[in-house]
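Trainee: The following block contains the structure, expressed as C-alpha cells.
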Amino acid sequence: MLRVHNTLTGSKEPFEPLVPGKVRMYVCGVTVYDYCHIGHARSALVFDVLRRYLEYSGFVVEFAKNFTDVDDKIIKRANEQGVSCEHVTTTYITAYYDDMDKLGVRRATLEPRATEHIADIVRLVDTLLAKGMAYRVDGDVYFQVDRYPVYGRLSKRNVDDLQAGARVDVDERKRHPMDFALWKRAKEGEPAWPSPWGMGRPGWHIECSVMANRFLGATIDIHSGGQDLIFPHHENEIAQNIGCCGHSPAKYWLHANMLLLNGRKMSKSDGNTISPQQLFTGESPHVTRGYAPMVIRFFMLQTHYRSTLDLTDEALQGAEKGFKRLIEATRHVKTLVTQGNSYDLATDTELLGVLDSLYKEMNDDFNSPK
C-alpha cells in the first residue's frame, strides 16, 4: 500500500483517495515575472514523478497546476520594460514550458491563470465578508486571522510567536499583524478589476483556493508545492477554505524541500542562482559544462523529495555516470528480450526482485533514491 508523508499531520499515512481509483491533485505553480530557476524545476519535476507513479499504479489522476499572472513583481517588471503585464506573463510562461518540456515534465491536465477567475475570487471574498471572517479597509479586504482559532496548524507555528517575530510591513489598518490581503485596492497604473469594494486585484493566497475549488472540487486528495509555501501560502489557503466552507481544501499536503546551489540558498541578489537553460548549455560560472536534461532529472531523483538537495558541478558529473549505467542496463535487457534466444524476462528472478524492491520503495512516500 502507498504511504505518503502528510505535512498537516507530520506523519506518514496510508494513501486513500476520497474517490476510489481517482486522485485529484493541485500543485501551486510559478509567478511568471522572470525565467524560472532550477529550484522551481525541482518542485515541478518532483510532482511530475508523483503524478506518473500514481498513474502507473492504476489511479486516474486529475492534475491542476496554476500560473500566478497578477502580482507586485509582475507589475514592477512590466513597468521596468515599458510593456503590459500580459506581455510579461506570456513571455515567461512560454519560457517555462520550454524548460519543463526539456526536463520531461508533462503538462498538467488543467493549467488555470489567476486573471481568468476574477469573478470567482470576488465571490469567495464576498462570502468570507458575509461570514465575518474578513473585513474591509479603504477598498482593501483582509482575512481576520483571530477568527480562525487553529491558524498555524499546518506550519506548526503559534500565532503569538508569529506576531512577535513577523516580518511584515506595519499596517495600522489591520486588526491583527498576521491578517492577510484577500483583495487589494487599485493603485494608479496597475491592472484592476471591478468588485463590490471598488477597482482592485486579488491577493496571492485567494487565487489558489479559488482555482483548486473551481476545477477539482471543495476537498481534493493532494495539495502540494515547494516547502517554502507551507507558510504563509498554504496556511492561508486552509484558513480561507475553512472560513468559507468549514472544511480543509485537501486531505493530504505534500511538500518538496529546498534545492541549494553549492551549499547555499539560491538568491538572485548575490548571484547564487542558475536556470535550467544555463545548466543545459553550461553558460554559468556554477558549472564547467552543460548537462543533458535527463541527467539533471536523474540527479534530482537521487535525493528524496522531502530532503534538501545540493546542486554542484561534481554532483552532476556523478549523476551523469549513474544515468549512463542505467541506460546501458536497460539497453542490455531490451537486447536480451529481442534476440529471440532462451532469455525469458518473466522468469528472471533477479530482475523481478529489483522491480519488487522498486515498488516497495516508491510506495514508501515515493522513495526515488532507493
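Trainee: So what's the back-of-envelope 222 nm ellipticity for the chain, counting only DSSP H runs of four-plus at -39500 (n - 2.57) apiece and dividing by all residues, rounded to 500?
Mentor: -12500 deg cm²/dmol
Trainee: In Å, the Kirkwood hydrodynamic radius of the chain over pairs of distinct alpha carbons?
Mentor: Averaging 1/r across every pair of different Cα atoms and inverting gives 22.5 Å.
Trainee: Now a separate question. Can you give me the solvent accessible area of Lys156 with a 1.4 Å probe, rounded to the nearest 10 Å²?
Mentor: Ignoring ligands and nucleic acids, Lys156 comes out at about 120 Å².
Trainee: Can you give the charge dipole size of region 36-119 about its Cα centre, rounded to the nearest 20 debye, using +1 on the beta carbon of Lys and Arg and -1 on the beta carbon of Asp and Glu?
Mentor: Here region 36-119 has a charge dipole of around 260 debye.
Trainee: Another question, then. Test of understanding: extend the Cα→C-beta vector of Lys370 to 7 Å, then name every residue of region 41-61 with backbone N under 18 Å from that spot.
Mentor: The answer is 50, 53-54, 57.
Trainee: Ranked from the most accessible area to the least, with a 1.4 Å probe and all protein chains present, what is the order of Ile327, Ile38? Write down the numbers at each step before the final one.
Mentor: Values: Ile327 55, Ile38 0 Å².
The residues order as Ile327, Ile38, largest area first.
Trainee: Strictly over 30 Å apart at the Cα level, which of Lys76/Lys174; Lys76/Lys156; Lys22/Lys334; Lys73/Lys321; Lys12/Lys324; Lys65/Lys184 would you flag in this model? Write out the running numbers ahead of the final one.
Mentor: Details: Lys76/Lys174 25 Å; Lys76/Lys156 33 Å; Lys22/Lys334 33 Å; Lys73/Lys321 40 Å; Lys12/Lys324 33 Å; Lys65/Lys184 24 Å.
Table pairs above 30 Å Cα-Cα are Lys76/Lys156; Lys22/Lys334; Lys73/Lys321; Lys12/Lys324.
Trainee: Counting only C-alpha contacts under 8 Å and six or more residues apart, can you give the relative contact order of region 38-171 as a whole percent?
Mentor: On the way: 81 pairs, mean separation 27.9, N = 134.
Over region 38-171, the number comes to 21 percent.
Trainee: Protein chains only, probe 1.4 Å: how do Glu16, Glu235 rank by accessible area, largest first?
Mentor: Output order, biggest surface exposure first: Glu16, Glu235.
Trainee: Given the options Leu358, Leu345, Leu261, state which has the largest fluctuation in a GNM of the chain using a 10 Å cut-off (strictly under) for Cα springs.
Mentor: Per the Cα network of the chain with a 10 Å cutoff, Leu345 tops the list.
Trainee: Taking the chain as a Gaussian network, Cα atoms linked when under 10 Å apart, which of Ser269, Ser195, Ser209 shows the biggest mean-square fluctuation?
Mentor: In this elastic network of the chain, the residue with the biggest mean-square fluctuation among Ser269, Ser195, Ser209 is Ser269.
Trainee: Let me ask something additional. Would you mind pulling out the separation of the Cα centroids of region 44-120 and region 319-345, in Å?
Mentor: 36 Å
Trainee: If you wrap a convex hull around the Cα atoms of region 177-307, how much volume per residue is inside, in Å³?
Mentor: Values: hull volume 25.3 nm³, N = 131.
Hull volume normalised by residue count: 193 Å³.
Trainee: Whenever you get a sec, line up Met199, Met133 from highest to lowest accessible area (probe 1.4 Å, protein heavy atoms).
Mentor: Met199, Met133
Trainee: Additional query: Before anything else, pin down the relative contact order of the chain: Cα pairs under 8 Å, at least 6 apart, normalised by residue count, whole percent.
Mentor: Relative contact order, the chain: 19 percent.
Trainee: May I ask which residue of Met300, His87, Leu128 lies farthest towards the positive end of the charge dipole of the chain, with charges of +1 (Lys, Arg) and -1 (Asp, Glu) on Cβ and the Cα centre as origin?
Mentor: Highest projection toward the positive end goes to Leu128.
Trainee: If the only charges are +1 at each Lys and Arg Cβ and -1 at each Asp and Glu Cβ, what is the size of the charge dipole of the chain around the Cα centre, to the nearest 20 debye?
Mentor: Using only the charged Cβ atoms, the result is roughly 280 debye.
Trainee: Estimate the FRET efficiency between Lys268 and Thr288 by the formula 1/(1 + (r/R0)^6), using the beta-carbon distance for r and 30 Å for R0, to the nearest 0.05. Mind dumping the intermediate values first?
Mentor: Numbers: r = 22 Å, r/R0 = 0.73.
Step by step, r from the Cβ atoms, then E = 0.85.
Trainee: Name the residue farthest towards the positive end of the dipole of the chain from the options His117, Thr338, Ala186, assuming +1 on Cβ of Lys and Arg, -1 on Cβ of Asp and Glu, about the Cα centre.
Mentor: Thr338
The values are calculated or read from the model by the stated rules, or taken from the named source; none is laboratory data. Keep in mind it's a predicted model, so treat the numbers as computed, not measured. Cβ sites come from the backbone with ideal geometry, for glycine too, and all protein chains shown count toward neighbours. Accessible surface areas use protein heavy atoms only, side chains included; no ligands, DNA or RNA. Shrake-Rupley method; radii C 1.70, N 1.55, O 1.52, S 1.80 Å.
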